[in-house]
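Quick notes on the structure that follows.
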């Protein structure tokens with residue numbers, strides 16, 4: 001009976017994590033292994049690659065809640081089940097990375113299939129790059145020029 005209980009606990013609580021149908025965020029460093037050129041180019045040229053560091057400058061004048069509103073656009077996957085939580089808990093998701101545009105990468109990492117990579121659109125960009133931000137930060141979409 002004891003073994004049965006242990007097996008049931010495993011099946012109910014632990015096993016679903018291993019067979020999740022949902023792709024989870026892995027962080028841009030996980031992409032680097034196969035996409036070295038794109039990763040290096042993104043880190044060098046994409047302003048958002050280090051945008052978490054930029055919002056730290058504003059933190060002093062903000063409440064904790066106000067500062068956390070910045071996370072939606074200045075981290076990877078904030079507010080989702082596998083996205084950014086904090087610098088301590090999810091350091092590889094602290095700035096917007098590959099997965100902001102291409103979606104959570106765990107399935108692609110496992111399958112190596114292009115089918116598991118989201119193709120970004122300008123609509124995806126618009127979730128953060130709204131008119132007033134475009135003007136304030138001189139945002140120019142590089143969707144067709146390539147962020148990498």
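The values are calculated or read from the model by the stated rules, or taken from the named source; none is laboratory data. Because the structure is predicted, anything quoted here is derived from the model rather than measured. Please note: Cβ atoms are built from the backbone with ideal geometry, for glycine as well, and neighbour counts cover all protein chains shown.
A few notes on this one:
- Against the list (1) surrounded by fewer than 14 Cβ atoms within 10 Å (Cβ to Cβ); (2) touching a helix residue (DSSP H, G or I) at 6+ places or on another chain (Cβ under 8 Å); (3) farther than 16 Å from residue 55 by Cβ, the condition residue 79 fails is (3).
- Qualifying residue in region 54-68 (condition: over 18 Å from residue 120 (Cβ atoms) and within 14 Å of the chain's Cα centre (by Cα)): no
- Filter result for residue 103 (surrounded by 15 or more Cβ atoms within 10 Å (Cβ to Cβ), modelled with pLDDT of 90 or more and farther than 22 Å from residue 126 by Cβ): no
- Listed by position, the helices (runs of 4 or more DSSP H) inside region 40-94 whose residues that are modelled with pLDDT under 90 number at least 1 are 51-59.
- Qualifying residue in region 126-147 (condition: crowded, with 18+ Cβ neighbours inside 10 Å, within 21 Å of residue 33 (Cβ to Cβ) and modelled with pLDDT under 95): yes
- Members of region 14-27 that are farther than 13 Å from residue 107 by Cβ and modelled with pLDDT of 95 or more: 27
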